[in-house]
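S.K.: Dropping the structure in here first, questions after.
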Amino acid sequence: MRETYGVVLPGMNLADLTGKLIVIEGTDGVGRSTQIRLLKPWLEQQGRAVLETGMTRSSLAGKGIKQAKEGHTLGRVTLSLFYATDFADRLENEIVPALRAGFVVLTDRYIYSLMARAMVRGIDPVWIRNVYRFALKPDAVFYLRIGVDDLIPRVVFSTGFDYWESGMDLHPSEDMYESFLKYQTSLLQQFDVLGEEYGFEIVDASVDVRTVFERLRAGIARVLSGEPREPLFAVRGPKETAESRQESNVVELPSSGKVVAAGTES
Amino acid sequence: MKRYGEHRFPGKLFIVEGIDGSGKSTQLMLLHQWLQAEGYGTVFSEWNSSPLVKETTKRGKKKQMLTPATFSLIHATDFADRMEHNIIPLLKAGAVVLCDRYIYTAFARDVVRGMDPKWVRELYSFAVKPTGAFYFRVPLDVAMKRILDGRTGVKFYEAGMDLGLSEDEEESFKLFQGRILEEYEKMVPEFDLIAVDATLPIEEQQSQMRQTVRAKLAQAKRLRVAP
């Protein structure tokens, strides 16, 4: 039966949530939405009904968050709770009904991003974990992992620096670039901690879109077939050599839990 | 992020709690006037008044789209905004801050709606612990009579209609408030709420309240605003 992280919301019956909940996590600009755009039709071709959902899109709080962020006036506890409200609304009104109807729910980020952002802003880690204890445990979390050096060119040459994604609320005296660097570095550190704690499956996102897509497909196919979590798809650690790859298919990356080594060419 | 009880500010925070019709707002208004006359820099902070979150709360209530979880979280968001932008700065500045309802209202309402009591308490752990928290204790029928006499009807969420206790609004209101009352009683020892018998004459309750507040302000003479 499906579980939560400790608190069951009133009126939520966990027994009949037969769909699959798949989370795509990763920092800003890492290519989550691109991947979801590819994954949805791929799943639908296999006859799976897909619900795609993401952050700040709830009918209750989505508009309020957008307006509040435009004014940049939210306190950090307030902002965290506004996101939690939005998440709860989406959980109850989108995710749970879809899971009950047997859908594959593909979510662009989940509670982990919300926690990471809050913690970077000095929010008590124990407190923020408690806030999200009502969240459903997903069937899998695929974390698109990237280093800040690989991230910078993507952001600069696509959307440009965004106020919030650069953590300008934290470093108001810095320029966008410096602030972005600091903010994303600490965000990525938080993700690594969360990854270990919540068992993320790590996908190297520094490679091309097609390769990331193939790896995600393999992982999702495994989740949908109900097979246990096994090293079926591959991530190459940045400093890995050809020899080490031959020795073992699994490598330990610092602070990132179990990572599957690359084996696509072999 | 500081947690409940860890804050150390020069200002003082007094709050009132109780079910609708307990007379708590009247008592707070009288206390406010007295504190001002005594020369304290006193500010009144209303429940549910943050302009930022107000729109979302209003929309959710109007369209009846709030579940126990979102009801709880949107009120916590609103409270956090008031805490961060209003109450904490005022306390830092050394003001006497008065709140009509505080986190205990949320604890009572949310738990009656089925939220996990521990979760809700932890959710509000960013709140400042009040210098004094007054609980106006009143029997349900007395409160009901005071309210229903003076009003034409109660609102959907106020009557706890979302809980499906009764089809009849007045009946639902009574059942809901009865359960809220039970939650308050549990919180009196848990949070050292100062219980005031709200069936006593108004001036008598006020005199008790002033006595307690005076004692708690004794160490805070520097708060006095020069006349």
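Quick note: the coordinates plus some simple rules give every number you see, no bench work behind them. This is a predicted model, so every value here is computed, not measured. Every residue, glycine as well, gets a Cβ built from its backbone with ideal geometry; the counts of neighbours run over all protein chains shown.
S.K.: Which FRET efficiency, nearest 0.05, do A:SER225 and B:ILE202 yield, Cβ-Cβ r, R0 51 Å?
M.R.: My answer for the efficiency is 0.10.
S.K.: For chain B, modelled as a Gaussian network with Cα springs under 10 Å, which listed residue fluctuates most, B:ARG179, B:ARG82, B:ARG214?
M.R.: Looking only at B:ARG179, B:ARG82, B:ARG214, the largest GNM fluctuation is found for B:ARG214.
S.K.: May I pose another question? What does the charge count around B:VAL112 come to, taking other residues whose C-beta lies under 14 Å from its C-beta (Lys +1, Arg +1, Asp -1, Glu -1)?
M.R.: Working: positive: B:ARG109, B:ARG113, B:LYS174, B:ARG179, B:LYS186; negative: B:ASP20, B:ASP110, B:ASP116, B:GLU158, B:ASP162, B:GLU182, B:GLU183, B:GLU185.
Around B:VAL112, the charge tally is -3.
S.K.: Further question: To the nearest whole number, what is the average tally of beta carbon atoms from other chains within 10 Å of the beta carbons of peptide B:1-9? Kindly include the intermediate steps, with their values, before the conclusion.
M.R.: Values: counts 13, 1, 3, 0, 0, 0, 0, 0, 0.
Counting other chains' Cβ atoms within 10 Å and averaging over B:1-9 gives 2.
S.K.: With r as the distance between the Cβ atoms of B:GLU158 and A:PHE157 and R0 = 41 Å, compute the FRET efficiency 1/(1 + (r/R0)^6) and round to 0.05.
M.R.: 0.15
S.K.: Quick one: net charge of B:ARG3's neighbours, Cβ under 13 Å, K/R +1, D/E -1?
M.R.: Taking every Cβ under 13 Å from that of B:ARG3, the sum is +1.
S.K.: Which of these, B:ASP168, B:ASP100, B:ASP20, has the largest mean-square fluctuation under a Gaussian network model of chain B (Cα springs below 10 Å)?
M.R.: B:ASP168
S.K.: A further question follows. Calculate, in nm to one decimal, what B:GLU171 and B:GLN211 gain on full extension: separation in residues at 0.36 nm each, minus their alpha carbon distance.
M.R.: Stretched out fully, the B:GLU171 to B:GLN211 stretch lengthens by 10.6 nm.
S.K.: Let me ask something else. Taking Rh as the Kirkwood radius, which is the inverse of the mean 1/r over Cα pairs, what is the Rg/Rh value for the stretch B:12-216?
M.R.: 0.95
S.K.: Of the cross-linked pairs B:LYS118/B:LYS186; B:LYS92/B:LYS216; B:LYS61/B:LYS145; B:LYS12/B:LYS129; B:LYS62/B:LYS145; B:LYS2/B:LYS61, which ones have a Cα-Cα span greater than 21 Å in the structure shown?
M.R.: As for pairs spanning more than 21 Å Cα to Cα, those are B:LYS61/B:LYS145; B:LYS62/B:LYS145; B:LYS2/B:LYS61.
S.K.: For a quick check: sort A:PHE142, B:PHE156 by the number of other beta carbons within 10 angstrom, fewest at the front.
M.R.: B:PHE156, A:PHE142
S.K.: Springs between alpha-carbon pairs under 10 angstrom, Gaussian network model over chain B: which of B:GLN211, B:GLN27, B:GLN36 fluctuates most?
M.R.: Fluctuation is largest for B:GLN211.
S.K.: Taking the convex hull of the Cα atoms, report for the stretch B:1-134 its projected area averaged over all directions, in nm².
M.R.: Averaged projected hull area, Cα only: 8.3 nm².
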